[in-house]
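A.B. asks: My questions will all concern the structure given below.
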Ligand SMILES: NC(=O)c1ccc[n+]([C@@H]2O[C@H](COP(=O)([O-])OP(=O)(O)OC[C@H]3O[C@@H](n4cnc5c(N)ncnc54)[C@H](O)[C@@H]3O)[C@@H](O)[C@H]2O)c1
């Protein structure tokens with residue numbers, strides 16, 4: 001039996017667990033609001049279902065409640081920050097505020113953030129930037145179980161490394177492109193496996209590196225004790241993007257890249273390179289606004305293909321889902337809900 005809750009109720013319940021896990025009420029509220037917003041946006045894989053993992057990570061010492069971002073370097077146009085294993089929802093926002101302030105002052109800011117715990121939906125940070133009229137680019141690596149195979153490789157070597165680009169559009173809702181470089185999310189494979197359904201060809205390889213449509217290969221250990229792996233989107237091109245995310249988000253940030261065997265740690269650590277640009281300082285603001293508007297109109301005024309309702313730009317599906325779920329509430333499947341309650345119990349929240 002799934003459970004449907006209004007966003008505010010869900011946020012309150014999640015915040016209670018996070019406080020019990022050691023966060024101040026303010027931190028718990030911020031993290032809970034961010035997770036619920038991911039659910040509202042249609043990205044349940046990055047919503048409240050992450051709470052059990054966060055609680056485990058705190059209990060293991062891989063996630064530090066109430067941590068703040070540490071500034072290692074600040075020369076105005078460049079910022080090097082360390083998230084000190086704090087909640088990504090908190091240190092990520094702190095980092096963005098520092099970067100945005102500098103971008104508005106100098107025209108641009110290149111910011112690295114290493115050692116943040118799970119930053120969640122990266123589009124959240126691009127949304128912060130576009131709300132201030134800034135263009136925002138993000139390259140992120142994921143230090144957790146390596147579930148994605150390199151193009152031509154036969155096992156998982158890196159994470160779902162997301163990439164995100166936010167562009168403000170004058171008089172229109174912004175363009176927010178925000179995606180994992182794996183063809184699909186690992187969480188979706190668990191759901192498919194539990195339902196006993198096969199997935200699209202081109203999504204997975206098995207533990208020997210052969211193509212398969214069986215999602216179980218990345219959910220349960222296979223005959224040789226190994227897992228299969230997810231493939232990147234767009235074949236070698238998506239693979240290249242994933243490597244760029246590892247090199248920029250992981251290596252350049254100083255946070256680190258993945259190059260070790262899988263371990264059992266529950267923490268999910270993200271490194272992120274962010275590039276912020278203020279078009280008002282670049283001197284192209286007027287032309288930029290005009291041309292961006294003309295181009296988006298051109299896209300959306302074209303003929304619509306059979307099976308589609310409209311040509312959309314990135315960011316629109318999430319906004320549309322928010323409108324619906326703010327009214328209808330957020331539905332959490334039974335297994336996820338039980339896991340959330342169990343996580344609460346671990347830190348003493350009575351159910
Ligand atoms: N923090 C982490 O470690 C981590 C890792 C991986 C992914 N993520 C997050 O997971 C989330 C989901 O990623 P995903 O790859 O599953 O997303 P996805 O495959 O749903 O793609 C989402 C992107 O495609 C756009 N889009 C969707 N349908 C569209 C359409 N019809 N027309 C135009 N644009 C369309 C969306 O607006 C969005 O920008 C993202 O928010 C990402 O940041 C986070």
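A.B. asks: Tell me whether the range 94-109 contains one or more residues that are farther than 30 Å from residue 281 by Cβ and surrounded by 23 or more Cβ atoms within 10 Å (Cβ to Cβ).
C.D. replies: Residues of the range 94-109 farther than 30 Å from residue 281 by Cβ: none.
No, the range 94-109 has no match at all.
A.B. asks: A further question follows. Restricting the search to the range 136-151, which residues are in contact with a helix residue (DSSP H, G or I) (Cβ under 7 Å, 6 or more places away or on another chain) and within 9 Å of the ligand (Cβ to nearest atom)? Spell out the reasoning first.
C.D. replies: As a first pass, look at the range 136-151 and keep what is in contact with a helix residue (DSSP H, G or I) (Cβ under 7 Å, 6 or more places away or on another chain): 136, 138-141, 147-148, 150-151.
Answer for the range 136-151, where residues must be in contact with a helix residue (DSSP H, G or I) (Cβ under 7 Å, 6 or more places away or on another chain) and within 9 Å of the ligand (Cβ to nearest atom): 138, 140, 141.
A.B. asks: Continuing with this model, one more query. Can you tell me which residue is nearest to residue 294 (Cα to Cα) among those in the range 192-215 that are outside any loop (DSSP other than H, G, I, E, B) and in contact with a helix residue (DSSP H, G or I) (Cβ under 8 Å, 6 or more places away or on another chain)?
C.D. replies: Taking the range 192-215 first, the residues outside any loop (DSSP other than H, G, I, E, B) are 192-195, 204-205, 211-212, 215.
Narrowing further to those that are in contact with a helix residue (DSSP H, G or I) (Cβ under 8 Å, 6 or more places away or on another chain): 192-194, 204-205, 215.
Values: 192: 41, 193: 44, 194: 46, 204: 39, 205: 42, 215: 43 Å.
Step by step, filter the range 192-215, then rank; the result is 204.
A.B. asks: Can you tell me how many residues in the range 155-185 are within 21 Å of residue 215 (Cα to Cα) and without any contact (Cβ under 8 Å) to a residue 60 or more places away in the chain?
C.D. replies: 4
A.B. asks: While we're here: For residue 189, indicate whether it is over 14 Å from the mean Cα position of the chain (by Cα), surrounded by 20 or more Cβ atoms within 10 Å (Cβ to Cβ), within 16 Å of the ligand (Cβ to nearest atom) and outside any loop (DSSP other than H, G, I, E, B).
C.D. replies: Working: over 14 Å from the mean Cα position of the chain (by Cα): yes; surrounded by 20 or more Cβ atoms within 10 Å (Cβ to Cβ): yes; within 16 Å of the ligand (Cβ to nearest atom): yes; outside any loop (DSSP other than H, G, I, E, B): yes.
So residue 189 fits the description; yes.
A.B. asks: Testing residue 154 on (1) away from the ligand (no atom under 16 Å from the Cβ); (2) within 18 Å of residue 44 (Cα to Cα); (3) modelled with pLDDT of 95 or more, one condition comes back false. Which one is that?
C.D. replies: Going through the list (1) away from the ligand (no atom under 16 Å from the Cβ); (2) within 18 Å of residue 44 (Cα to Cα); (3) modelled with pLDDT of 95 or more, residue 154 breaks only (2).
A.B. asks: Here is a further query. State whether the residues of the range 53-73 include one that is within 30 Å of residue 107 (Cα to Cα), away from the ligand (no atom under 16 Å from the Cβ), in contact with a helix residue (DSSP H, G or I) (Cβ under 6 Å, 6 or more places away or on another chain) and modelled with pLDDT of 95 or more. First the steps, then the outcome.
C.D. replies: The initial filter retains those residues of the range 53-73 that are within 30 Å of residue 107 (Cα to Cα), namely 67-73.
Still in the list and also away from the ligand (no atom under 16 Å from the Cβ): 67-73.
When the remaining residues are screened for being in contact with a helix residue (DSSP H, G or I) (Cβ under 6 Å, 6 or more places away or on another chain), the result is 69.
With the extra rule that they be modelled with pLDDT of 95 or more, the set shrinks to 69.
Checked against the condition, which is being within 30 Å of residue 107 (Cα to Cα), away from the ligand (no atom under 16 Å from the Cβ), in contact with a helix residue (DSSP H, G or I) (Cβ under 6 Å, 6 or more places away or on another chain) and modelled with pLDDT of 95 or more, the range 53-73 yields at least one hit.
A.B. asks: Hey, another quick one. When the range 90-135 is examined, which residues are found to be away from the ligand (no atom under 16 Å from the Cβ), on the phi < 0 side of the Ramachandran plot and not in a helix (DSSP H, G or I)?
C.D. replies: 108, 109, 110, 111, 131, 132, 134
A.B. asks: Which one of the conditions (1) more than 28 Å from residue 52 (Cα to Cα); (2) in a loop (DSSP other than H, G, I, E, B) does residue 222 fail to meet, given that it meets all the rest?
C.D. replies: Status for residue 222: all satisfied but (1).
A.B. asks: Identify, from the list 236, 259, the residue that is out of contact with any helix residue (DSSP H, G or I) (no Cβ under 6 Å at 6 or more places or on another chain), outside any helix (DSSP H, G or I) and either closer than 16 Å to residue 163 by Cβ or modelled with pLDDT of 95 or more (or both). Write out each step before concluding.
C.D. replies: Details: 236 fails: outside any helix (DSSP H, G or I).
Within the list 236, 259, the selection yields 259.
A.B. asks: Quick one: what pairs do we get from the range 1-25, first residue over 25 Å from residue 57 (Cα atoms), second in a loop (DSSP other than H, G, I, E, B), C-beta under 6 Å, 6+ apart or different chains?
C.D. replies: Every condition considered, the pairs that remain are 2/333; 4/329; 5/329; 6/329.
A.B. asks: Kindly indicate the residue of the range 292-329 that is within 17 Å of residue 35 (Cα to Cα) and surrounded by 14 or more Cβ atoms within 10 Å (Cβ to Cβ) and also farthest from the ligand (Cβ to nearest atom) among those meeting that condition.
C.D. replies: Looking at residues that are within 17 Å of residue 35 (Cα to Cα) and surrounded by 14 or more Cβ atoms within 10 Å (Cβ to Cβ), I get 329.
The values are calculated or read from the model by the stated rules, or taken from the named source; none is laboratory data. Just so you know, these numbers come straight off a predicted model, no measurement behind them. Backbone-built Cβ (ideal geometry, glycine too); neighbour counts: all protein chains shown.
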